[in-house]
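The values are calculated or read from the model by the stated rules, or taken from the named source; none is laboratory data. These numbers come from a predicted model, not from an experiment. Here Cβ is always computed from backbone atoms with ideal geometry, including for glycine, and neighbour counts include all displayed protein chains.
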């Protein structure tokens with residue numbers, strides 16, 4: 001896994017720890033988790049498609065599903081992360097999240113990012 005993705009994920013985890021003291025940080029940490037997922041998907045996508053430097057997060061998800069880097073049954077979770085990333089980046093009011101909800105997002109994001117880099121040699125050829 002690329003060091004930049006690890007760094008983004010570690011910042012998200014650290015912000016979540018401090019959420020115990022200030023609940024709005026749980027939402028900030030959640031937003032950072034979605035940015036880490038985007039960074040992971042874009043990194044993986046550009047390794048497979050260096051000819052597409054201006055791809056979007058949506059482009060990356062669709063291609064990674066197509067080649068099997070993201071299992072089809074996980075694609076909706078990736079698209080949800082993309083939508084939530086957009087909402088978090090363009091929010092108009094502060095939100096607070098409960099710890100249990102964000103813990104589930106933390107676990108799912110870690111699982112998805114780990115899976116994205118675990119099977120680098122098992123991808124289908126381009127369709």
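Please determine whether any residue of region 88-95 is under 19 Å from residue 7 (Cβ atoms) and touching a helix residue (DSSP H, G or I) at 6+ places or on another chain (Cβ under 9 Å). Checking region 88-95: at least one residue is under 19 Å from residue 7 (Cβ atoms) and touching a helix residue (DSSP H, G or I) at 6+ places or on another chain (Cβ under 9 Å).
Could we say that residue 76 is free of Cβ contacts under 8 Å to residues at least 12 places away in the same chain, assigned to a helix (DSSP H, G or I) and within 16 Å of the chain's Cα centre (by Cα) here? Spelling it out, residue 76 is indeed free of Cβ contacts under 8 Å to residues at least 12 places away in the same chain, assigned to a helix (DSSP H, G or I) and within 16 Å of the chain's Cα centre (by Cα).
Taken as a whole, the condition of being under 12 Å from the mean Cα position of the chain (by Cα), farther than 25 Å from residue 67 by Cβ, buried (at least 16 other Cβ atoms within 10 Å of the Cβ) and modelled with pLDDT of 90 or more applies to residue 106.
The rows are residues; the columns are (1) at positive phi; (2) free of Cβ contacts under 8 Å to residues at least 24 places away in the same chain; (3) under 12 Å from the mean Cα position of the chain (by Cα); (4) in a helix (DSSP H, G or I).
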{"site": "5", "(1), (2), (3), (4)": "no, no, yes, yes"}
{"site": "10", "(1), (2), (3), (4)": "no, yes, no, yes"}
{"site": "13", "(1), (2), (3), (4)": "no, no, no, yes"}
{"site": "21", "(1), (2), (3), (4)": "no, yes, no, no"}
{"site": "30", "(1), (2), (3), (4)": "no, no, yes, yes"}
{"site": "38", "(1), (2), (3), (4)": "no, no, yes, yes"}
{"site": "41", "(1), (2), (3), (4)": "no, no, yes, yes"}
{"site": "52", "(1), (2), (3), (4)": "no, yes, no, no"}
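For residue 20, the stated conditions hold: it is under 23 Å from residue 102 (Cα atoms) and loosely packed, with under 15 Cβ neighbours inside 10 Å.
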